[in-house]
Amino acid sequence: MTEFSVAVQEVTAMIRRKARNSLLINGAIFLAGLIVSLGTLTSASKSGGGYVVFWGAIVFGLYGCVRAVIRFARADSEAARIVAAHSLVTSR
């Protein structure tokens with residue numbers, strides 16, 4: 001295996017690890033917003049009154065999840081570009 005391919009594999013693993021962590025964090029934000037919104041809706045439907053929709057947490061959590069999945073899927077090509085650019089800069 002060449003030095004370039006080893007570097008690409010290492011960078012790919014790092015990108016995927018960061019994407020997985022981002023997916024977990026943003027997924028938790030999304031679920032927390034959804035659960036709290038549904039909780040206030042349930043409480044309001046039983047006792048009357050208003051409820052709160054945490055749309056910011058829901059929308060941005062879901063957006064972050066989608067971005068993380070896309071980054072995870074594109075990790076190989078992104079890593080190859082990063083390593084190639086780094087090798088060009090360091091060879092000068």
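Here are some notes:
- Taken over region 33-43, the residue count meeting the criterion of being among the hydrophobic types (A, V, I, L, M, F, W, C), surrounded by 14 or more Cβ atoms within 10 Å (Cβ to Cβ) and either out of contact with any Gly (no Cβ under 9 Å at 6 or more places or on another chain) or over 14 Å from Phe54 (Cα atoms) (or both) is 2.
- Residues (part of a helix (DSSP H, G or I) and of a type in the set (D, E, K, R)) located in region 55-78: Arg67, Arg71, Asp76, Glu78
- Only one entry in Phe72, Phe54, Phe30 is surrounded by 15 or more Cβ atoms within 10 Å (Cβ to Cβ), within 30 Å of Ala85 (Cβ to Cβ) and at pLDDT 95 or above, namely Phe72.
- Selection of region 32-62 for residues being closer than 22 Å to Ala73 by Cβ and among the hydrophobic types (A, V, I, L, M, F, W, C) yields Val59, Phe60, Leu62.
- Pair list, Cβ under 6 Å, 6 or more apart: region 4-33 residue in contact (Cβ under 8 Å) with a residue 24 or more places away in the chain, other residue surrounded by 14 or more Cβ atoms within 10 Å (Cβ to Cβ) and of a type in the set (Lys, Arg): Ala19/Arg71
- Single residue of Ile58, Ile15, Ile25 found to be touching a Gly at 6+ places or on another chain (Cβ under 7 Å) and β-branched (Val, Ile, Thr): Ile58
- Among the conditions (1) in a helix (DSSP H, G or I); (2) touching a helix residue (DSSP H, G or I) at 6+ places or on another chain (Cβ under 9 Å); (3) without any contact (Cβ under 8 Å) to a residue 60 or more places away in the chain, Ile82 misses just one, which is (3).
The values are calculated or read from the model by the stated rules, or taken from the named source; none is laboratory data. All of these numbers come straight from a predicted model, not from anything done at the bench. We place every Cβ from the backbone using ideal geometry, glycine too, and count neighbours over all the protein chains shown.
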